[in-house]
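Data first, discussion second: the structure below is written as structure tokens.
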Amino acid sequence: MHTLWQDLRYGLRVLTKNAEFAAVAIVTLGLGIGANTAIFTVVNGVLLRPLPFSDPSRIVLVLEQNTHFPGIISTSYENYKDWRDQSHSFESMQASCAANLTLTGAGEPERLTARRMTAGIFPLLGVTPVAGRTFLAEEDRAGGPPVALISYALWQRRFGGSRDWIGKTIALDSEPYTLVGVLPPGFLFLQPADVFVPFEPWAKTLPDDRDWHPGIIPIARLKQGVAVDQARAEMKTIARRLEKQYPLYDTGVSADVFRLQDRMVQNVRPGLIVLLCSVGFILLIACANVANLLLARAASRSKEIAIRTALGAGRARLVRQLLTESVLIGVAGGALGLLLANASLGPLLNLAAKSVPNIGLIHIDYQVLVFAAAASILTGVFFGLIPALRTSKLDLRETLNESARGSTGGRAGHRLRSILVVSEIALAMVLLVGAGLLLRSFERMQAVSSGFRTDHLLAADIPLSPAAYQKPEQKFEFFDRLLARVRVLPGVRSSGAGSFLPMSGNGSIIHFNIFGRPPKDAQQFIAAGYRTITPNYLETLSVPLLAGRMITEGDSEKAPFVAVINTSMAHQFFANESPLGKKIQLGALPEKDVPWMEVVGVVGDVRPGLGVEPQSEMYLPYRQADSLLPVFQLSVVLRTSLDPAAESSALRSALHDIDSNQPLVNVRTMEDNMAASVSEPRFRTWLLGLFALLALVLSTIGIYGVMSYSVHQRTHEIGIRVAMGAQPAQVFGLVTGEGLRLALIGVALGLAASIALTRVLRGFLYQVSALDPMTFVCVSLALIGVAIFASYLPARRATKVDPLVALRYE
């Protein structure tokens, strides 16, 4: 310990004496470690940290696998009950469903994200409220008293954190609910929610139809000793049994079992792993830069090391001293990196807010501190080991010879520094190619036509309370009055309303059949997306009419039922014939009580999201569709002549005049809506681009450092060349040629590595090949150009060498 303390004190004195060198090395490492720590903090919070539930490794989701609707993972209420009653792999199986409820009576009306939860789900998760209690069994049944739990955030925001509210009544969708408890801070189940209500009272109102998917997600806890694979095999057996029992509805329907945490992060895991590998490359480049600095500095310390060796210091003792100095640099760089990571975490989380789950669990904790400490020490050893071994292995006679000044910077040392620079360029090449591919993909995604005009569009969601608007006529009157009010607002050119706005990530699919072409069996069922719309909705979006007509005011509930379909639906189901005049009916099989709808128009495809191909879709008049599929939420869209955001207050005022208890939800421009739909690819592209830029800067510094030191070491040689008649252009070409040679070797190695590694990005790319030649060529030219730029100043300095001064110096 005494020797270690001595090494630490001496190392600190050496670094303090060489403050400029220490500052450059610490900042370089700080950038690398800071980037790694920031990304590891996100990875730790999302992928590694266990969910805050009791024994979370045994909590699983039971999801439907439907061959007819691959995108559907929720199940029907009837299937859930059979799965629950027939399975034996679980201690308990419960259910949950997302919802939205409007809170009134406690300030301004507010639309809340909600979840319907079975009473047993909280014991299953092991969650205890911070105030009050959870649901009782008698509350989670048909006819049970209406009760509610709220999130800790809502409790603080709307109720001041007062326990006096426990047991009192709050109004949700104009119905009274008794507030019975407050869930702990940070509670998150699948998606953030503000309020939780019992599941069964709602579920008992659902139609007795196994084909009805209202978003029910079963959750279960595995019995002790039961593996996920065992539970999965049992659920598939149960699904096959139900398929034979209910062939009309359950043909092609199976069940799968996934750990809750795995399912919650499956979409972001690949992207986060790519980012973590990227910052690992950044740290390697930073280490290579600092190692080059240490190698260059070794020449100036050769006499010191030689004298210490002559006085009896062993090689192991010298290596330990030099490693102590490099570890001190690593620790200082780690401390700076931790500060940078902490400062960047806020902006990073804001950027990732809509694309990363469990964002509330992301923070710097002891695991992050351990990671930063380990990274600091290991990088200190990593970049310091080779310089320490080389510096401690000296020829005493040659080094102590005054004329052999700088002998440690000979060919072997120069070769090693060149290898490090080549490695930096190759790593930077991989990052730049990856960032270039993502950038081209993102540009392609944004360049694709959405199918409608997105400029000057304001959108807002308007959810009506089923209790306050029980009759269809009440809903019709509300939207008629609202659209009439906003249509005459200054600056509003047109308005309409529809369910599931494009670019919102939402939609709905329904079975239908075509008159004269009934399906023979369950394998021939057909389906398409559907949206209910008011007159003038498609015109407001500027969706082009290709044939027939649009929905009009005459398409009321008393008129013959009609539908407008998109181009994809026309091509899929009415190929080589005109769809106009054809009749379709909602439902898997023809039903006498369900009206047939005549196809009266064909419109262009509207993409559900950027980078998402359009699917078959039908548009139904709101007044007619409500009798078939009641809808309580529509999104109003306004086409304006000026800035659409300026109309939000006027829209809110018009709504308040009609119903002061009705909230206006998610007011946004369509450009903002589209931007939100690509938040995940933007997050990946922005970060990988930033890391690639950082790698490019560090590589440039590395090339500059090696070339500067090379010019310094070759001063005598350059002086002789000049004395023998070499022109400045020749000297300039000699230096830049060496930098270009290193760049070409690095680019060649980087190309080979990129071809192998960028295939990992295939799943993230849209209309761009992982071997896109333009990206590879542009990145290669950019790196070669940067190498020439980094060599320029050393080359200029070399051309100014005075041969007399150089020869006198030697």
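The values are calculated or read from the model by the stated rules, or taken from the named source; none is laboratory data. Note that the structure is predicted; figures quoted are calculated from it, not measured. When we count neighbours, we look across all protein chains shown, and the Cβ atoms used for this are built from the backbone with ideal geometry, even at glycine. For the accessible areas, the whole protein counts, side chains as well, though only heavy atoms, and no ligand, DNA or RNA atoms are used. Shrake-Rupley method; radii C 1.70, N 1.55, O 1.52, S 1.80 Å.
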message = Suppose we keep only residues that are at pLDDT below 80 and among the small types (Gly, Ala, Ser) within the range 334-353. Which one would you say is most open to solvent (accessible area, probe 1.4 Å)?
response = 353
inquiry  = Is it the case, given these coordinates, that residue 492 is among the β-branched types (Val, Ile, Thr), open to solvent by less than 30 Å² (accessible area, probe 1.4 Å) and either in contact with a Cys (Cβ under 8 Å, 6 or more places away or on another chain) or farther than 28 Å from residue 581 by Cα (or both)?
reply    = yes
inquiry  = Cβ-Cβ under 8 Å, sequence separation 6+ or interchain: first residue in the range 141-162 and of a type in the set (A, V, I, L, M), partner loosely packed, with under 14 Cβ neighbours inside 10 Å. Which pairs?
reply    = 142/204; 153/185
ask   = How many of the residues in the range 668-684 are open to solvent by 20 Å² or more (accessible area, probe 1.4 Å) and either within 25 Å of residue 763 (Cβ to Cβ) or not in a strand (DSSP E or B) (or both)?
value = 10
message = Considering only the range 681-700, I want to know if a residue exists there that is farther than 30 Å from residue 272 by Cα and out of contact with any Phe, Trp or Tyr (no Cβ under 6 Å at 6 or more places or on another chain).
response = no
ask   = Cβ-Cβ below 8 Å, separation at least six or inter-chain, first residue in the range 232-249 and touching a residue at least 60 places away in the same chain (Cβ under 8 Å), second in a helix (DSSP H, G or I) and surrounded by fewer than 17 Cβ atoms within 10 Å (Cβ to Cβ): which pairs?
value = 238/86; 241/86
task = Please work out if residue 731 is modelled with pLDDT under 80 and assigned to a helix (DSSP H, G or I).
result = yes
query = Restricting attention to the range 255-284, and to residues there that are over 21 Å from residue 765 (Cβ atoms) and open to solvent by 60 Å² or more (accessible area, probe 1.4 Å), which single residue is modelled with the highest pLDDT?
reply = 259
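Residues are listed down the side, and each one gets a yes or a no for (1) in contact with a Leu (Cβ under 7 Å, 6 or more places away or on another chain); (2) within 19 Å of residue 544 (Cα to Cα); (3) not acidic (Asp, Glu):
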| residue | (1), (2), (3) |
| --- | --- |
| 609 | no, yes, yes |
| 613 | no, yes, no |
| 616 | no, yes, yes |
| 623 | no, no, yes |
| 634 | no, no, yes |
| 658 | yes, no, yes |
message = Taking the conditions exactly as written (touching a residue at least 40 places away in the same chain (Cβ under 8 Å) and surrounded by fewer than 21 Cβ atoms within 10 Å (Cβ to Cβ)), does residue 208 satisfy them or not?
response = yes
message = For the list (1) under 29 Å from the mean Cα position of the chain (by Cα); (2) part of a helix (DSSP H, G or I), I need the number of the one condition that residue 101 fails.
response = (2)
request  = Look at the range 738-755 and say how many of its residues are open to solvent by 50 Å² or more (accessible area, probe 1.4 Å) and over 22 Å from residue 694 (Cα atoms).
outcome  = 1
inquiry  = Among the residues that make up the range 57-64, is at least one of them surrounded by fewer than 18 Cβ atoms within 10 Å (Cβ to Cβ) and under 25 Å from the mean Cα position of the chain (by Cα)?
reply    = yes
remark   = If we keep only residues of the range 607-639 that are of a type in the set (Gly, Ala, Ser) and open to solvent by less than 20 Å² (accessible area, probe 1.4 Å), then the residue farthest from residue 670 (Cα to Cα) is 625
note = If we keep only residues of the range 133-152 that are at pLDDT below 90 and open to solvent by 30 Å² or more (accessible area, probe 1.4 Å), then the residue farthest from the chain's Cα centre (by Cα) is 143
message = Tally up the residues in the range 215-266 that are in contact with a Ser or Thr (Cβ under 8 Å, 6 or more places away or on another chain) and charged (D, E, K, R), please.
response = 7
Breaking point among (1) open to solvent by less than 60 Å² (accessible area, probe 1.4 Å); (2) at pLDDT 90 or above, for residue 34 = (2)
ask   = Any residue at all in the range 223-245 that is at pLDDT below 90 and within 34 Å of the chain's Cα centre (by Cα)?
value = no
inquiry  = Among the residues of the range 175-191, are any buried (at least 20 other Cβ atoms within 10 Å of the Cβ) and among the charged types (D, E, K, R)?
reply    = no
ask   = For the range 94-113, which residues satisfy the criterion of being surrounded by 18 or more Cβ atoms within 10 Å (Cβ to Cβ) and either modelled with pLDDT of 95 or more or within 29 Å of residue 223 (Cα to Cα) (or both)?
value = 94, 95, 96, 97
ask   = Among 274, 180, 226, which is part of a helix (DSSP H, G or I), more than 30 Å from residue 588 (Cβ to Cβ) and β-branched (Val, Ile, Thr)?
value = 274
query = Can you tell me which residues in the range 628-667 are farther than 30 Å from residue 561 by Cα, part of a strand (DSSP E or B) and not polar (S, T, N, Q)?
reply = 665, 667
